[in-house]
Amino acid sequence: MWWGQRLFDVAGGAQSQGAHEQAKYLMNGTRYLRIDFDMPTEPWLLDNIHVVPQLLHYGDQAAVNHFAVLKQHFLADTKPAYRAFEL
């Protein structure tokens, strides 16, 4: 009974974690950074398009809250100027 009520959470969490680990592996941990936000406690239906603005807001807030980490991870290093390939 206990697993039946939490089966979707377990399956969704496992799928999310698997995708996260694959992305980290493929990008060598340097070009990928995962930022999560807490979902609200009220249940949402997967096909409810009325919650999309709320989800976008949560994503925007997570980006604002983690900007210092994003800036350090992706924007702090300077790269050499582009040089075209020559034969």
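No value in this document is a laboratory result; all are computed from the given coordinates. Being a predicted model, the structure only gives us computed values, none of them experimental. So basically every Cβ, Gly included, is an ideal-geometry build from the backbone, and we count neighbours across all protein chains shown.
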Top mean-square fluctuation among L33, L70, L55, Gaussian network model of the chain, C-alpha springs under 10 Å? L55
Phi-derived 3J(HN,Hα) across the stretch 23-30 with the Karplus relation (6.51, -1.76, 1.60, θ = phi - 60°), rounded Hz, x for Gly and Pro, is 5, 4, 5, 5, 9, 6, x, 9
Angstrom value of the Kirkwood radius, inverse mean 1/r, which spans all Cα pairs in the stretch 17-87: 15.5 Å
Report the label-to-label distance for D36 and A14 in nanometres (one decimal), using points 7 Å from each Cα along the Cα→Cβ vector. 1.6 nm
Can you work out the Karplus-derived ³J(HN,Hα) for every residue in the stretch 6-11? Use 6.51 cos²θ - 1.76 cosθ + 1.60 with θ = phi - 60°, whole Hz, and x for glycine or proline. 10, 4, 5, 4, 5, 5
Summing -39500 (n - 2.57) over the DSSP H runs of n ≥ 4 in the chain and dividing by its residue number, what mean residue ellipticity at 222 nm do you reach, to the nearest 500 deg cm²/dmol? -16000 deg cm²/dmol
Write out the trypsin sites (Lys or Arg not before Pro) in the stretch 1-32 meeting two conditions: DSSP loop, and at most 12 other Cβ atoms within 10 Å of their Cβ. R31
Compute the acute angle (0 to 90°) between the alpha-carbon long axis of helix 52-65 and the principal axis of greatest extent of the alpha-carbon atoms of the chain; round to the nearest 10°. 50 degrees
Positive-pole candidate from T41, T30, N65, dipole of the chain, charges at beta carbon: T30
Based on the Cβ-Cβ distance of Q22 and Q54, what FRET efficiency does E = 1/(1 + (r/R0)^6) give at R0 = 30 Å, to the nearest 0.05? 0.60
